[in-house]
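The values are calculated or read from the model by the stated rules, or taken from the named source; none is laboratory data. All values derive from a computational prediction rather than experimental measurement. Counting neighbours? That spans all protein chains shown, and the Cβs are built from the backbone with ideal geometry, glycine included. Please note that ligands, DNA and RNA were not included when accessible areas were found on the heavy atoms of the full protein model with its side chains. Shrake-Rupley method; radii C 1.70, N 1.55, O 1.52, S 1.80 Å.
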Amino acid sequence: MTEPVGGYFSLELPLVEEYHKDALRLNTGRNCLEYILLSRGYKKVYLPYYICSVVLEPFEKLGVQYVFYHVDERLELKDSLSVKAGEALLYVNYFGLKQRYVEHLAEQYGTSLIIDNTQAFYAKPVKRIDTFYSCRKFFGVPDGAYLYTEELLGGELKQDESYDRMSHLLRRIDLGAESGYDDFRKNDDRLSGQPVRRMSRLTHRLMRGIDYEGIANRRRANYRLLESELGESNKIVLDLEEDAVPMVYPYFTSVKGLRERLIADKVFVACYWPDVLDWVNEVSLEYCLASRMLPLPVDQRYGEEVMNGMLKELNDLKCKG
Ligand SMILES: Cc1ncc(COP(=O)(O)O)c(C=O)c1O
């Protein structure tokens, strides 16, 4: 016997087909980027100002230069860039809503393009384009990432272990959202400074227990419901393309202070991304996005009732001004 037989059980989980079964399995999105920087040997990468600061980690670690670029109100490149040999352009498939534009960029920039699909778990990779995903932005898992690339690093990577970063996921079920929040912050912070590793066996197993289709349908339905009520007052208009599965509904309103008031009413709305406020000046679009855009949850935990409750809350707050 190579594997032990009998004895005690492990956690009971469903077993279905993994969504990104042909990708490399790594531990985090930022480490997928580190892998790409190492395997391609890029000297310089163009990054959007509108991005999460953890993306800078691999650049700082490897000493690779990065130069920021601006996006326009469709969240597309404001100006076209001239990307030379040894350089790359990284684009974020924002909220999982920019796949047609990703395809357009792939035609324009070819393999010098890197697609950050951490907000677009369901978006299929474009052939030959380095593309990465982060599992925990869409599902209740502690870590994990997928990478599509044709440029492989030699050598065996060590396998990550995640059992020790599960407490927030377990606490939220057992004791509620507030009880797990500190652990969530700690466990998330512990993903910084990790070496590139293979996805843990635990995360891999969890990723094979997910109802991918059901979740996609739920997210799309929730998005549509919010869009039908908020679309007219939304200052950014991003279409839900036929094959898109959104991460959130991005609601951009000129009413100030809504995020804080929603959070006070226990609607937890994140800020994408606080560090952007230090990188750009106050009149830039990215500053407005980081300060005013509300990424409203549309995920699989919720249905019509919660969406309607959130809409009512939002309307009440807007009326109070
Ligand atoms: C746009 C974007 N890219 C990359 C990452 C990095 O992913 P990970 O946290 O899995 O390293 C994040 C978030 O953390 C992100 O928001």
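Considered as a group, the residues in region 42-64 that are assigned to a loop (DSSP other than H, G, I, E, B) and not hydroxyl-bearing (S, T, Y) include one that is most open to solvent (accessible area, probe 1.4 Å), and that residue is K43. Restricting L75, L11, L90, L15 to those that are outside any loop (DSSP other than H, G, I, E, B) and either within 30 Å of G214 (Cβ to Cβ) or open to solvent by less than 10 Å² (accessible area, probe 1.4 Å) (or both) reduces the list to L90.
The set of residues in region 127-137 that are more than 11 Å from the ligand (Cβ to nearest atom) and closer than 19 Å to M166 by Cα is empty. Residue check: G176 meets all listed conditions (1) open to solvent by 70 Å² or more (accessible area, probe 1.4 Å); (2) over 18 Å from the mean Cα position of the chain (by Cα); (3) closer than 20 Å to D299 by Cα but one, namely (1).
Confirm whether A145 is more than 16 Å from the ligand (Cβ to nearest atom) and among the aliphatic types (A, V, I, L, M).
Working: more than 16 Å from the ligand (Cβ to nearest atom): no; among the aliphatic types (A, V, I, L, M): yes.
Criteria not met by A145.
Of all residues in region 93-118, those satisfying the criterion of being within 13 Å of the ligand (Cβ to nearest atom) and open to solvent by 10 Å² or more (accessible area, probe 1.4 Å) are K98, T118.
Tell me which of these P195 doesn't satisfy, since it passes every other one: (1) in a helix (DSSP H, G or I); (2) surrounded by fewer than 13 Cβ atoms within 10 Å (Cβ to Cβ). Result: P195 passes all but (1).
Within region 131-163, the set of residues being touching a Ser or Thr at 6+ places or on another chain (Cβ under 6 Å) and either charged (D, E, K, R) or assigned to a loop (DSSP other than H, G, I, E, B) (or both) comprises K137, V141, P142, D143, G144, E151, L153, D160, E161, S162. Within region 66-74, does at least one residue satisfy the condition of being within 16 Å of the ligand (Cβ to nearest atom) and basic (K, R)? Looking through region 66-74, none of the residues is within 16 Å of the ligand (Cβ to nearest atom) and basic (K, R).
Collect the residues in region 276-298 that are more than 19 Å from L230 (Cβ to Cβ) and open to solvent by 60 Å² or more (accessible area, probe 1.4 Å), keeping them in residue-number order. Scanning region 276-298 gives D278, W279, N281, E282, V283.
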